[in-house]
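S.K.: This is the structure I want to talk about, given as structure tokens.
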Amino acid sequence: MNDSSQSFVKFEKIDKSYDGEVLVVKNLNLDIAKGEFVTMLGPSGSGKTTTLMMLAGFETPTNGEIFLDTKPISKIPPYEREIGMVFQNYALFPHMTVQENLAFPLEVRKISKSETQEKVQKALDMVELGNFGTRFPAQLSGGQQQRVALARALVFEPRLVLMDEPLGALDKNLREQMQYEIKHIHDRIGITVVYVTHDQSEALTMSNRIAVFNDGVVQQLSTPDILYEKPENSFVAKFIGENNTLNGVVKEINGSTCEVDLDNNFGTVKALKVNVSEVGEKTQLSIRPERVSIEPNNSLNTFTGKIEELIYLGDHIRARLDVCGNNEFIVKVPNEGSFSHKEGDTLNLGWDSDDVRALDI
């Protein structure tokens, strides 16, 4: 976590309830540094959008306080917070041209005509729509409309930009292209961005740090690589990327490692001890598909698996196997032209103890 003295956005002991009974956000403490791109990631109903709406001023915390640049903002109305917003449905005015849409937030702020024109052109150039100012939203593609919405959020040079599932309505290719564009704009202008999505690859692509929400609580707040490589609990391991699981009971603990007896006597696995604390405790082991070797030479953990399904994906082959009672065990095999196995074959598999994590159930 960032040192709170450097926090540009700070959530301090935030609770949110709509009915006075159920908390949709629970004791949230989150610090975001100036210029950071932080994504709130989680399934529907996990509290991420509610958190964003409290920061925007459209919802009020039940308890706690939100600070922007060290100043408490819970009692400040949305339009006085100097925050730019980008929504999934663009929210452009259909009867106004692109230029007029962008000029609107500047006119509300009583900015002169000449300065407004200059800022509008600069914002349009930033999203590579410099020549589209006289068009109406209906004359633009979905991706172009989303760029206009982004330009409008940036045009008045806000202190902070909030984005709520802004790419959800776009098709896959366009969505990926826009992810890179937003990332590059952020890198160029260095504005602080808080982004909400339930799409994990989007979060991994764009963010400096990701806060994974579940049931109103941040499960882990880390950089994309740490989140993927070192999930702190089984929810994060399952939610971020593909993940193989094997269940068992802790047999032995040796410092930072442990030995786990797999359920149904399938054998023993040596693993990293992440959040198990005692012998006899139930645990779920987490292993990423790309960390599993086929026909390994010298892995510490070796097992056999029967191929249930093979899917050819160009650069790799995705093999689904039955391993230790889990028939959804995935292995990604790089396509180097040498994979000759068929469905029904039995393979030897292995993985290093450093690549398997003993987590809570």
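S.K.: Can you list the residues, at least 5 places off or on another chain, whose amide H is less than 5 Å from the amide H of Val86, using H built in the peptide plane?
M.R.: Leu162, Met163, Asp164
S.K.: Let me ask something else. What is the Cα convex hull volume of segment 5-48 when expressed per residue in Å³?
M.R.: Considering the Cα atoms of segment 5-48, their hull volume per residue is 72 Å³.
S.K.: Taking H placed 1.01 Å from N in the peptide plane, check which residues at least 5 places from Glu59 or on another chain put their amide H under 5 Å from its amide H.
M.R.: Excluding prolines and chain starts, which carry no amide H, the hits are Met54.
S.K.: If you roll a 1.4 Å probe over the heavy atoms of the protein chains, what accessible area per residue do you get for the chain, in Å²?
M.R.: I get 48 Å² per residue for this part.
S.K.: Also, quick follow-up: Rounded to the nearest whole Å³, what is the per residue volume of the convex hull around the Cα atoms of segment 146-227?
M.R.: For segment 146-227, the hull spanned by Cα atoms encloses 103 Å³ per residue.
S.K.: What net charge is computed for the residues neighbouring Gly314, neighbours being all others with C-beta under 13 Å from the C-beta of Gly314, Lys and Arg scored +1, Asp and Glu -1?
M.R.: 0
S.K.: Related question: From the Cα gyration tensor of segment 208-328, with a ≥ b ≥ c the square roots of its eigenvalues, which class applies: rounded if a/c is under 1.5, or else prolate if a/b is larger than b/c, or else oblate?
M.R.: oblate
S.K.: Also: Please find the FRET efficiency linking Asn335 to Val249, where r is the Cβ-Cβ separation and R0 is fixed at 51 Å, and quote it to the nearest 0.05.
M.R.: It comes out at approximately 0.85.
S.K.: Helix 142-154 sits at what angle to the longest principal axis of the chain, using alpha carbons and giving 0 to 90 degrees rounded to 10?
M.R.: Tilt relative to the chain: about 70 degrees.
S.K.: Points 7 angstrom from Cα along the Cβ direction at Glu65 and Lys306: gap in nanometres?
M.R.: In this crude label model, Glu65 to Lys306 measures out at 6.4 nm.
S.K.: When the distances between all Cα atoms of segment 29-70 are binned every 5 Å from zero, what whole-number percent does each bin get?
M.R.: 5, 18, 28, 30, 15, 3, 0
S.K.: For segment 95-118, list residues with backbone N below 17 Å from a point placed 7 Å from the Cα of Ile76 toward its Cβ?
M.R.: 109
S.K.: Across bins of 10 angstrom width beginning at 0, how are the C-alpha pair distances of the chain distributed, in whole percent?
M.R.: 5, 21, 25, 22, 16, 9, 3, 0
S.K.: Amide H neighbours of Gln219 under 5 Å, at least 5 residues apart or on other chains, H built in the peptide plane: list them.
M.R.: Val212, Phe213, Asn214
S.K.: Considering only protein heavy atoms and a 1.4 Å probe, what is the carbon-and-sulfur percentage of the accessible area of the chain?
M.R.: 47 percent
S.K.: May I ask you to compute the full-extension gain from Ala138 to Asp360, defined as 0.36 nm times their residue separation minus their alpha-carbon distance, rounded to one decimal in nm?
M.R.: 74.9 nm
S.K.: Please report how far the C-alpha centroid of segment 64-131 lies from that of segment 19-35, rounded to the nearest whole angstrom.
M.R.: 25 Å
S.K.: At a Cα cut-off below 23 Å, give the lysines reachable from Lys230, other chains included and same-chain residues fewer than 8 away excluded.
M.R.: Lys230 reaches Lys48, Lys238, Lys251, Lys270, Lys273, Lys282, Lys332.
S.K.: Let me ask something else. What is the spin-label model distance, in nm, from Glu242 to Arg159 if the labels are put 7 Å beyond Cα along the C-beta direction?
M.R.: That separation, rounded to one decimal, is 4.5 nm.
S.K.: Where a ≥ b ≥ c are the square roots of the eigenvalues of the C-alpha gyration tensor, would you call segment 167-268 rounded, which needs a/c under 1.5, or, failing that, prolate if a/b is larger than b/c, or oblate?
M.R.: In terms of gyration-tensor shape, prolate.
S.K.: Which of the lysines could be linked to Lys119 by a straight reach, that is with a Cα gap under 29 Å, when you skip same-chain ones fewer than 8 residues away?
M.R.: Lys34, Lys71, Lys110, Lys183
S.K.: Residues of segment 209-238 with amide nitrogen under 15 Å from the 7 Å Cα-to-Cβ point of Phe266?
M.R.: Nothing falls inside the zone, counting backbone N under 15 Å.
S.K.: Label-point separation (nm) for Leu174 and Thr97, each offset 7 Å from Cα along Cα-to-Cβ?
M.R.: It is 2.3 nm.
S.K.: In whole Hz, with x marking every Gly and Pro, tabulate ³J(HN,Hα) for segment 47-53 from phi via Karplus 6.51 cos²θ - 1.76 cosθ + 1.60, θ = phi - 60°.
M.R.: Once rounded to whole Hz, the list reads x, 5, 5, 4, 4, 5, 5.
S.K.: Report the per residue volume, in Å³, of the convex hull enclosing the C-alpha atoms of segment 49-195.
M.R.: Output value, Cα hull per residue: 116 Å³.
The values are calculated or read from the model by the stated rules, or taken from the named source; none is laboratory data. Just so you know, these numbers come straight off a predicted model, no measurement behind them. All Cβ positions, glycine included, derive from the backbone under ideal geometry; neighbour counts span all protein chains shown. The area values use the complete protein model at the heavy-atom level, side chains included, leaving out ligands, DNA and RNA. Shrake-Rupley method; radii C 1.70, N 1.55, O 1.52, S 1.80 Å.
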